[in-house]
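These notes concern the structure reproduced below.
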Amino acid sequence: MVRNLARAVFQYTEPPRIISYACIAGKKEGEGPMASCFDRIEPDAHFGQETWEQAESTMQRQTLQLALDKCSLDSKEISCICAGDLMNQCIGTTYGLRPMDIPVLGIYGACSTMAEGILTASLLAACGAGEYTAAVTSSHFSTAERQFRFPLSYGGTRPPTAQWTCTASGAVILQKSDKEKGGIGVTGVCIGKIVDLGVTDASHMGAAMAPAAADTIVRYLEATGTKPSAYDAIVTGDLGIIGSELVRDLVMKQGYDMNAVHRDCGVMMFDGETQDTHAGGSGCGCSASIVCGHFLPLLQRGAMKKILYAATGALMSPTASQQGESIPGISHLVELTADCQDSGIE
């Protein structure tokens, strides 16, 4: 059921299918150009909780529950969920999923976590680990600022290369292959490699992540013998305005022109003219919410036939940065294919 095309590049002979998806976003994200894509826009940054961390846990749990409700499944029917976030020990996931009684594989790929989650959940589904698997991730502006940069009250100046961590979450439910029902298939995956070109500026994440995205995309194109024109979109996670330009240049230098089909969720999330987000959006929830709110519906409707989703992550820690370490990047990729049959997704 899993065909190994090259090192860490796989395709499925019987693709697992995405049967449900959901996304929730915060107030600032809801004021941007992607507002109509989100299932719910939450005006309260605290999500009714006392702390930012509790807010993110609540958002992640609510997003997963919404995806379950859409396909009329109970949490006990999920054999395993692959989930993570940006906080230490993935506490957004740990406390968010604690009451849901689902076996959990906690994963950390920084902002690449959603693609890593879909990748891992699809491998589990393809190998027969259970009828249903799932993936979910989240990020919250205030939890990320507290952990990775300065407290908001510090009033630090954000440079033009900085990106805005999105308050958002996305979740997908997968089912093992069912040829009769069709749907959105996870038809291929590429596990990312750690790529580090020595970027040390924590406010320049796009530059740190772009080389990893280029490496993963080119590896998949080479292994499958395809060109960018074979896809309706090659979607990167959250490289932002600067990182998007870099990844297109890096891929071009290796013989592939993806300018016509490249889309970046960090660029799409905010309006650069009216919202003070500098180089765009970032965070686990950035690409997760846009893929679940924008690209999966396009595949479901048949408006797109096939996309590559390569989420990107900066594998940094404040401690390592203070010790003079560089910022390694990673990018995991999933190929998503529509067969234009009724998937049953509402």
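The values are calculated or read from the model by the stated rules, or taken from the named source; none is laboratory data. Being a predicted model, the structure only gives us computed values, none of them experimental. Here the Cβ is made from the backbone with ideal geometry for all residues, glycine too, and neighbour counts use every protein chain on show.
Going through (1) closer than 15 Å to Ala171 by Cβ; (2) free of Cβ contacts under 8 Å to residues at least 40 places away in the same chain one by one, Ile18 falls short only on (2). Output yes when any residue across segment 55-64 is surrounded by fewer than 19 Cβ atoms within 10 Å (Cβ to Cβ), on the phi < 0 side of the Ramachandran plot and not β-branched (Val, Ile, Thr), and no when none is. So far as segment 55-64 goes, no, none of its residues is surrounded by fewer than 19 Cβ atoms within 10 Å (Cβ to Cβ), on the phi < 0 side of the Ramachandran plot and not β-branched (Val, Ile, Thr). Against the condition among the acidic types (Asp, Glu), assigned by TED's automatic domain parsing to the domain that holds Met34, at pLDDT 95 or above and more than 21 Å from Cys37 (Cα to Cα), how does Glu77 come out, does it pass? When the stated conditions are applied, Glu77 passes them.
Which residue, of Lys70, Lys76, is farther than 23 Å from Asp238 by Cα and touching a residue at least 60 places away in the same chain (Cβ under 8 Å)?
Values: Lys76 fails: touching a residue at least 60 places away in the same chain (Cβ under 8 Å).
It is Lys70.
If you check Lys76 against the conditions, is it surrounded by fewer than 24 Cβ atoms within 10 Å (Cβ to Cβ), under 28 Å from Gln11 (Cβ atoms), of a type in the set (Lys, Arg) and more than 18 Å from the chain's Cα centre (by Cα)? Here the answer is no, as Lys76 does not meet what is asked. Look at segment 210-222: where a residue is modelled with pLDDT of 95 or more and among the acidic types (Asp, Glu) and a partner is surrounded by fewer than 22 Cβ atoms within 10 Å (Cβ to Cβ) and not in a helix (DSSP H, G or I), sitting 6+ places away or on another chain with Cβ atoms under 8 Å, you get Asp215/Lys193; Asp215/Val195; Glu222/Ala6.
The rows are residues; the columns are (1) at pLDDT below 95; (2) in the same structural domain as Ala67 (by TED's automatic domain parsing); (3) more than 13 Å from the chain's Cα centre (by Cα).
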site: Ile102; (1), (2), (3): no, yes, yes
site: Gly117; (1), (2), (3): no, yes, no
site: Ser122; (1), (2), (3): no, yes, yes
site: Thr137; (1), (2), (3): no, yes, no
site: Thr143; (1), (2), (3): yes, yes, yes
site: Tyr154; (1), (2), (3): yes, yes, yes
site: Thr161; (1), (2), (3): yes, yes, yes
site: Cys166; (1), (2), (3): yes, yes, no
site: Gly170; (1), (2), (3): no, yes, no
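Beta carbons closer than 9 Å, at least 6 apart along the sequence or on distinct chains, never pair a first residue in segment 315-330 that is more than 25 Å from Met114 (Cβ to Cβ) with a second that is among the basic types (Lys, Arg) and modelled with pLDDT of 90 or more. Within segment 115-141, the set of residues being in a loop (DSSP other than H, G, I, E, B) and of a type in the set (A, V, I, L, M) comprises just one member, Ala129. There is no residue in segment 279-294 that is modelled with pLDDT under 95 and surrounded by fewer than 24 Cβ atoms within 10 Å (Cβ to Cβ). Only residues that are of a type outside the set (S, T, N, Q), over 28 Å from Asp276 (Cβ atoms) and part of a helix (DSSP H, G or I) were counted across segment 212-240, and they come to 11. For segment 29-72, filtered to residues that are in contact with a Ser or Thr (Cβ under 7 Å, 6 or more places away or on another chain) and among the charged types (D, E, K, R), the residue that is nearest to Ser287 (Cα to Cα) is Glu29. Considering only residues in segment 59-74 that are among the polar types (S, T, N, Q) and in contact with a Gly (Cβ under 7 Å, 6 or more places away or on another chain), the one that is farthest from Asp39 (Cα to Cα) turns out to be Gln60.
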